[in-house]
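The values are calculated or read from the model by the stated rules, or taken from the named source; none is laboratory data. This one's a predicted model, so the numbers in the text were calculated from it and none came from an experiment. Virtual Cβ from ideal backbone geometry, glycine too; neighbours counted across all protein chains shown. Each accessible area value is taken on the protein alone, full model and side chains, heavy atoms only, with ligands, DNA and RNA left out. Shrake-Rupley method; radii C 1.70, N 1.55, O 1.52, S 1.80 Å.
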Amino acid sequence: MKSVAVLLIAAAVGTACGEVRPRPPGGRFLVYTKHLSKSTQGLWIARVDGTHPRLLVRNGIFGAVSPDGRWVAYDTCLASREACQTGNAPFALFLVATSGGKLRLLARSTSYPSWSPRSDRIVALRKGSLVSIDLEGGIRVLEEGTTTVGWSFSPDGKWLVYSKARQHRGCASDLFIVRSVGGEERRLTRGRDIFPVWGPQWIAFSRYPKSCAFARRIWRIRPDGGTAQPVTAPPPPRYARHGYYGLDPVDWSRIERILLACLASEWGPEAIRVDVSTGAFRKLSGYALDLSRDGRFALVDSGGSEGPQLLASVSLADGRRRVLARGDVAFPSWNR
């Protein structure tokens with residue numbers, strides 16, 4: 001508890017009136033949690049190729065590096081290690097420079113942070129609501145107290161698409177668009193739609209069949225509306241049963257010919273490469289997490305829950321894998 005108190009005191013120190021907060025240097029980084037659920041748990045940072053790893057923050061988890069490489073947002077449990085392992089302990093979202101230094105408390109009871117492409121704000125879940133948080137800790141509610149199943153920023157960072165479930169309607173869920181700083185929402189779809197991913201010209205998403213069976217397929221729609229188009233056929237039977245739930249998008253390539261996606265399963269999001277023009281897909285190694293900004297490499301992890309884990313980059317062109325970190329590592333993020 002003493003270490004938690006020190007964290008909170010350090011994070012609560014505000015900037016004095018008139019003081020200009022210095023901008024930390026940027027760069028390309030890989031961030032991950034090491035020694036999960038152990039007394040030595042911490043957030044580690046390395047070069048984007050995995051070299052020169054170093055401890056960034058003790059007790060941190062779920063780190064997310066900003067696109068400009070200046071900041072890492074992460075969660076910290078605010079209780080004893082034993083209480084934290086129950087999953088019911090209080091936690092908070094903090095911010096730290098990739099170069100290290102002072103920790104800043106952004107928001108309590110906030111999870112699943114994702115960065116704007118402009119690196120100026122974070123969208124996350126807070127007490128069941130979808131919120132937008134600026135780097136000074138200012139919070140705006142985008143969608144209050146609803147079941148949100150995925151969200152994604154527009155490429156310019158000004159808008160957000162998110163999925164909102166219709167209560168007591170089975171798998172019914174719709175896509176909405178709202179300004180990233182808040183405002184009036186606009187309905188984009190009405191269906192059974194989740195996990196939107198906003199690309200340069202299209203928004204990809206998963207859609208359940210009318211039966212609500214675990215056989216999701218990937219669709220796409222223009223951000224200004226219109227008719228949704230299927231990207232993939234319904235998943236083959238072996239990927240719609242026995243622990244598989246169908247296909248979900250993960251990230252667009254820059255020219256939108258290729259989509260990093262996954263075979264959703266009870267074990268994790270098994271990485272696949274989707275050819276958008278044909279809907280055909282090819283399996284990659286590992287569980288899909290993110291795509292490099294040039295669209296050439298996927299960030300994946302692999303390994304069982306009992307370890308050891310492996311973090312790697314995988315070429316979408318030929319499937320070649322480069323190991324970035326191995327051992328007791330989890331929850332990676334990069335800005336390659």
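Which order do Cys262, Cys212 take by accessible area at a 1.4 Å probe, largest first?
Values: Cys262 10, Cys212 50 Å².
Greatest to least solvent exposure: Cys212, Cys262.
Calculate what fraction, in whole %, of the accessible area of the chain sits on carbon and sulfur atoms when a 1.4 Å probe is rolled over the protein chains.
Values: 8270 of 16170 Å².
C and S fraction of accessible area: 51 percent.
Give the lysines whose C-alpha is closer than 25 Å to that of Lys38, dropping any in the same chain fewer than 8 places away, or say none.
Output for Lys38: Lys2, Lys102.
Based on the alpha-carbon gyration tensor of region 201-315 and its eigenvalue square roots a ≥ b ≥ c, which shape applies: rounded if a/c is under 1.5, prolate if not and a/b is larger than b/c, or oblate?
On the way: a/c = 2.25, a/b = 1.21, b/c = 1.86.
Oblate, because a/c is 1.5 or more while a/b does not exceed b/c.
Work out, in µm²/s and without decimals, the Stokes-Einstein translational diffusion coefficient of region 13-112 at 4 °C, 1.567 mPa s, Rh from Kirkwood over C-alpha pairs. Display every interim value, and only then the final one.
Numbers: Rh = 14.2 Å.
In µm²/s, the coefficient rounds to 91.
Straight-line reach from Lys127: which aspartates and glutamates fall under 15 Å, measuring Cα to Cα and dropping same-chain residues less than 8 apart?
Answer for Lys127, where 15 Å is the Cα cut-off: Asp75, Glu143, Glu144, listed by chain and number.
Taking the full set of protein chains and a 1.4 angstrom probe, give the accessible area of Leu36 in square angstrom, rounded to the nearest 10.
For Leu36, the solvent-accessible surface is approximately 60 Å².
Can you give the angle from 0 to 90° between the axis of helix 2-12 and the longest principal axis of the chain, with both taken from C-alpha atoms, to the nearest 10?
Tilt relative to the chain: about 80 degrees.
Would you kindly derive the ³J(HN,Hα) couplings of region 140-148 from the backbone phi angles with the Karplus curve 6.51 cos²θ - 1.76 cosθ + 1.60 (θ = phi - 60°), listing them in order in whole Hz, with x for Gly and Pro?
Values per residue, Gly and Pro as x: 10, 7, 8, 8, 9, x, 9, 8, 9 Hz.
Order His242, His35, His52, most accessible first, counting only protein heavy atoms with a 1.4 angstrom probe.
Values: His242 150, His35 55, His52 120 Å².
Putting His242, His35, His52 in descending order of accessible area: His242, His52, His35.
Return the long-range amide H neighbours of Thr232 (sequence gap of 5 or more, or a different chain), with a cut-off of under 5 Å between placed amide H atoms.
Ile218
Could you provide, to the nearest whole Å², the per residue accessible area of region 191-330 with probe 1.4 Å? Numbers along the way, then the final one.
Numbers: 6540 Å² over 140 residues.
Solvent-accessible surface per residue comes out at 47 Å².
Hey, can you find the accessible area per residue of region 17-148 for me, probe 1.4 Å, expressed in square angstrom? If you can, show how the numbers build up before the last one.
On the way: 6300 Å² over 132 residues.
For region 17-148, the solvent-accessible area averages 48 Å² per residue.
May I ask you to derive the relative contact order of the chain, considering only C-alpha pairs under 8 Å and at least 6 residues apart, and to give it as an integer percent?
Working: 892 pairs, mean separation 38.3, N = 336.
Answer for the chain is 11 percent.
Suppose accessible area is computed on protein heavy atoms with a 1.4 Å probe; arrange Arg326, Arg207 from highest to lowest.
Values: Arg326 160, Arg207 40 Å².
The ordering from most to least exposed comes out as Arg326, Arg207.
Mind listing the long-range amide H neighbours of Leu106? Cut-off is under 5 Å, sequence gap 5 or more, other chains count too, H placed in the peptide plane at 1.01 Å from N.
Leu93, Phe94, Leu95
I'd like the Karplus ³J(HN,Hα) series for region 167-173: coefficients 6.51, -1.76, 1.60, θ = phi - 60°, whole numbers in Hz, and an x wherever there's a Gly or Pro.
5, 6, 10, x, 9, 4, 7
Counting only other residues whose beta carbon sits under 15 Å from that of Lys127, what net charge do I get with K and R as +1, D and E as -1?
Numbers: positive: Arg108, Arg126, Arg140; negative: Asp75, Glu143, Glu144.
Surrounding charge for Lys127 is 0.
What does the charge count near Trp44 come to, summing +1 for each Lys or Arg and -1 for each Asp or Glu among other residues with Cβ under 12 Å from its Cβ? Kindly include the intermediate steps, with their values, before the conclusion.
Numbers: positive: Lys34, Arg47, Arg54, Arg58; negative: Asp328.
With Lys, Arg at +1 and Asp, Glu at -1, the neighbours total +3.
Along region 316-331, what does the Karplus equation 6.51 cos²θ - 1.76 cosθ + 1.60 (θ = phi - 60°) give for ³J(HN,Hα), rounded to whole Hz, x for Gly and Pro?
Going residue by residue, I get 6, 6, 10, x, 5, 10, 10, 6, 9, 7, 8, x, 8, 10, 6, 6 Hz, with x marking Gly and Pro.
Near the amide H of Val57, under 5 Å away, which other amide H atoms are found, from residues 5 or more places off or on another chain, if H is placed in the peptide plane?
Distant-sequence amide H within range of Val57: Leu43.
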